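The values are calculated or read from the model by the stated rules, or taken from the named source; none is laboratory data. Small disclaimer: the values here were computed from a predicted structure and weren't measured. Positions of Cβ are generated from backbone atoms using ideal geometry, with glycine treated the same way; all protein chains shown enter the neighbour counts. Remember, those area values only see protein heavy atoms, side chains included, never the ligands or the DNA or RNA. Shrake-Rupley method; radii C 1.70, N 1.55, O 1.52, S 1.80 Å.
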Amino acid sequence: MAVHVVDHPLARHLLTGLRDRTTPPATFRRYAWVLSTLVILDATRSVPERAHPVETPLETTDGASLAVGLAVVPVLRAGLSMLEPALELFPDVAVGYIGLERSHETAVAHSYYVKLPPLRDRHTLLVDPMLATGGSAAQAVGLLKSHGAASVAMASIVSAPEGIARLAEAHPDVPVFTAAVDRGLDDSKYILPGLGDYGDRLYGTA
Ligand code: PRP
Ligand code: URA
């Protein structure tokens, strides 16, 4: 499975702001928006294009347009922070939702909501900022595939090696695009150094 880490000074600047425990939710949401844009741009770099000649005011020239439909599927709640940036970049995408919540005791995610568009002929981008144990991502990709998705990529903000390994084992065909691969997980399965509970920091619910 391929793992791509965004390599851009702005991405590192924004990630540092997200990690900073003193960053308030409003600023966290702004940083998350821009960093998500950078990750999603990377994650869609190899989406197929087709030739699309275009007439400029002066002459006809070669152009390109997307050759496949896209679908974006955020994992609720935290993935919602990556949906609007995706819609800004690709206004015509189909949107699905997967609700998953990790148990605080076991860190095992259970699914509480699934609403997906037809995925068979689309390239599907799963967006979830935290790839920790990988349980949520593996489950989410399984749901996408059971709804027909054949081409799936995942975009995250911070990933743990454990989560990458688990997703690679369950779905070796799914590449991961992320802003950072961190050191590992703590005893409660939080990413180290990480940025804490992303959903709580995003929505001020800590
Ligand atoms: C977070 C995050 C992922 C999951 C990652 O969600 O957004 O979905 O944890 O952990 P995993 O890789 O160990 O499965 P959480 O369950 O905290 O829900 P929330 O987004 O609603 O806060
Ligand atoms: N979910 C989060 O929000 N943060 C982590 O570190 C792990 C899972």
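Identify, from the list A107, A43, A11, the residue that is within 16 Å of ligand 1 (Cβ to nearest atom), open to solvent by less than 90 Å² (accessible area, probe 1.4 Å) and in contact with a Leu (Cβ under 9 Å, 6 or more places away or on another chain).
Exactly one of A107, A43, A11 is within 16 Å of ligand 1 (Cβ to nearest atom), open to solvent by less than 90 Å² (accessible area, probe 1.4 Å) and in contact with a Leu (Cβ under 9 Å, 6 or more places away or on another chain), namely A107.
On the basis of being assigned to a helix (DSSP H, G or I), away from ligand 1 (no atom under 13 Å from the Cβ) and in contact (Cβ under 8 Å) with a residue 24 or more places away in the chain, does L202 make the cut? Judged against the criteria, L202 is not a match. Summed over region 46-71, the residues that are surrounded by 15 or more Cβ atoms within 10 Å (Cβ to Cβ) and either without any contact (Cβ under 8 Å) to a residue 40 or more places away in the chain or farther than 25 Å from R120 by Cα (or both) give a count of 1.
Take the conditions farther than 19 Å from L38 by Cα and within 11 Å of ligand 1 (Cβ to nearest atom) and apply them to A138. Does it pass? Break it down into steps so the answer makes sense when it comes.
Details: farther than 19 Å from L38 by Cα: yes; within 11 Å of ligand 1 (Cβ to nearest atom): yes.
When the stated conditions are applied, A138 passes them.
Of the residues making up region 81-96, those that are farther than 14 Å from R29 by Cβ and either in contact with an Asp or Glu (Cβ under 8 Å, 6 or more places away or on another chain) or crowded, with 17+ Cβ neighbours inside 10 Å (or both) are A86, F90, V93, G96.
I want to confirm something. Restricting to region 44-82 and keeping residues that are within 16 Å of ligand 2 (Cβ to nearest atom) and in a strand (DSSP E or B), which single residue is farthest from Y112 (Cα to Cα)?
If we filter region 44-82 for residues that are within 16 Å of ligand 2 (Cβ to nearest atom), which is where we start, we get 74-82.
With in a strand (DSSP E or B) added as a condition, the list becomes 74-76.
Numbers: P74: 14, V75: 11, L76: 10 Å.
Selected residue: P74.
Just the residues that are buried (at least 21 other Cβ atoms within 10 Å of the Cβ), of a type in the set (A, V, I, L, M, F, W, C) and away from ligand 2 (no atom under 16 Å from the Cβ), please, taken from region 117-173. Residues satisfying the conditions are L119, L125, V141, L144, A149, V152, A153.
Among residues of region 186-206 being among the aromatic types (F, W, Y) and either in contact with a Cys (Cβ under 8 Å, 6 or more places away or on another chain) or open to solvent by 20 Å² or more (accessible area, probe 1.4 Å) (or both), the one that is farthest from E84 (Cα to Cα) is Y190.
Return yes or no: is E105 of a type in the set (D, E) and assigned to a loop (DSSP other than H, G, I, E, B)? For E105, the condition - of a type in the set (D, E) and assigned to a loop (DSSP other than H, G, I, E, B) - is met. Against the criterion of being under 30 Å from A150 (Cβ atoms) and at pLDDT 95 or above, A26 does not qualify.
Going through L18, L38, L58 one at a time, which residue ends up being aliphatic (A, V, I, L, M) and in contact with a Phe, Trp or Tyr (Cβ under 8 Å, 6 or more places away or on another chain)? Give the derivation first.
Numbers: L38 fails: in contact with a Phe, Trp or Tyr (Cβ under 8 Å, 6 or more places away or on another chain); L58 fails: in contact with a Phe, Trp or Tyr (Cβ under 8 Å, 6 or more places away or on another chain).
Within the list L18, L38, L58, the selection yields L18.
Restricting attention to region 14-33 and to residues that are of a type in the set (V, I, T) and exposed (fewer than 15 other Cβ atoms within 10 Å of the Cβ), the residue that is farthest from D200 (Cα to Cα) turns out to be T16. Filtered by the rule that a residue be in a loop (DSSP other than H, G, I, E, B) and surrounded by 13 or more Cβ atoms within 10 Å (Cβ to Cβ), region 174-185 gives V174, P175, A179, D182.
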